[in-house]
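S.K.: Would you mind keeping the following structure in view while I ask a few things?
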Amino acid sequence: MANIYDGAFRTILNDCRKLIIPVINEIFGEAYTGEEEIRFFPNEHFLDQQDEADKERITDTNFTVFGKIPKKYHVECESSLPDGRITIRLFEYDAQIGLDEGKVTEETLTVTFPNTAVLYLRTYQKTPDKMKYVIVTPGGTVQYDVPIMKVQAYSLDDIFEKGLLMLIPFYIFSHEKGFPEYNSNEQKLAELKAEYQKILERLDELEQQGVIGAFDKRTIIELSGDVVKEIAQKYENVQKGVGDMMSGALIETSARTILNQGIKQGISETKKQTALRMLKMGKLTIEEIAECSELSVAEVEQLAGLQTV
């Protein structure tokens, strides 16, 4: 798959890691609250090759969620046609992840495989609902399913209602087949842009409600723009129409962040000036000044110390 999709997937996971929790809940039927610690592990693994140099394999994600019982997860993002090779690659990753943390006690090797899943950005007729490992050993056969999340199966309402916000940068894949029409029909392109305008508005609402932070929102918007520019390279009107909308939203978000920071800094400075004037008057205690200026006692003490220098 194109590096831009891999990069977008890894970026949103590493920079906005809490967004993976609703996805894990959806795929594996977990009930994580979002307050759990998430610890990521190195994505690079070296596979031992007999009579050959070791191969380096880079997984998309390798992390543990520390709920009541710590569980390790491995999630891959894929956009190509299913051909069986992804299953082999997944198993290689899983086996190496297990070996990397394997434990030997009295000549007994214990290897724990991660909970593995695949996010398919494109859905083809051949795309299965799940994959399966069947491991035949002298001690018996072990088999289990590897679930598949089909991103295109989720509507915008599904994404927002279930909190699957990390899927938003890849939502454009749902419209990929319509690119030729969007590119030549202004009305259809306007409808697509209106849909993305709605995405921006809903992200704004989530930020105002405190569900996501400004950084998370900015990352989602930025990666959405990157994916649109990559996937719609041959369709200038689509690329420019939606891509420019995302770029404009980024500029607005940055400006708003700077403005808010300035307002906060201005309020803080006003409180400090008020406290300084009270200190100069010398009629109130440190505690009384802190209460009147809405600063902490420590902050007022620090200002008092600066006055005596």
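S.K.: Please identify the pairs in which a residue from region 143-169 that is within 30 Å of Gly84 (Cβ to Cβ) has its Cβ atom under 6 Å from the Cβ atom of a residue that is among the basic types (Lys, Arg) and in a strand (DSSP E or B), counting only partners at least 6 apart or on another chain.
M.R.: Close Cβ pairs (under 6 Å, with a partner that is among the basic types (Lys, Arg) and in a strand (DSSP E or B)) amount to Asp145/Lys130; Asp145/Lys132; Pro147/Lys130; Ile148/Lys130.
S.K.: Which one of these does Asp51 not meet: (1) in a loop (DSSP other than H, G, I, E, B); (2) at pLDDT below 85; (3) within 14 Å of the chain's Cα centre (by Cα)?
M.R.: Of (1) in a loop (DSSP other than H, G, I, E, B); (2) at pLDDT below 85; (3) within 14 Å of the chain's Cα centre (by Cα), only one is false for Asp51: (3).
S.K.: Condition test on Met131, is it in a strand (DSSP E or B) and in contact (Cβ under 8 Å) with a residue 24 or more places away in the chain?
M.R.: yes
S.K.: Please work out which one of (1) in contact (Cβ under 8 Å) with a residue 40 or more places away in the chain; (2) not in a strand (DSSP E or B) is the condition Ser174 fails and give its number.
M.R.: (1)
S.K.: Separate question: Would you tally the residues in region 65-93 being assigned to a loop (DSSP other than H, G, I, E, B) and more than 18 Å from Gly29 (Cβ to Cβ)?
M.R.: Start the filter on region 65-93 by keeping residues that are assigned to a loop (DSSP other than H, G, I, E, B), which leaves 67-69, 79-84.
Then drop every residue that is not more than 18 Å from Gly29 (Cβ to Cβ), which leaves 79-84.
Total satisfying the criteria: 6.
S.K.: Only one of Asp204, Asp216, Asp226 is within 18 Å of Arg122 (Cβ to Cβ), charged (D, E, K, R) and out of contact with any Pro (no Cβ under 6 Å at 6 or more places or on another chain); which?
M.R.: From the options Asp204, Asp216, Asp226, the qualifying one is Asp226.
S.K.: A further question on this structure: Name the single residue that is modelled with the lowest pLDDT among those in region 196-245 being touching a Phe, Trp or Tyr at 6+ places or on another chain (Cβ under 6 Å) and not hydrophobic (A, V, I, L, M, F, W, C).
M.R.: Filtering first and then ranking leaves Tyr235.
S.K.: Among the listed residues Gly178, Gly210, identify the single one that is small (Gly, Ala, Ser), within 17 Å of Val238 (Cβ to Cβ) and not assigned by TED's automatic domain parsing to the domain that holds Arg10.
M.R.: Gly178
The values are calculated or read from the model by the stated rules, or taken from the named source; none is laboratory data. Everything numeric in this text was worked out from a predicted model, so none of it was measured. No Cβ is skipped: glycine too gets one built from the backbone with ideal geometry, and neighbour counts run over all protein chains shown.
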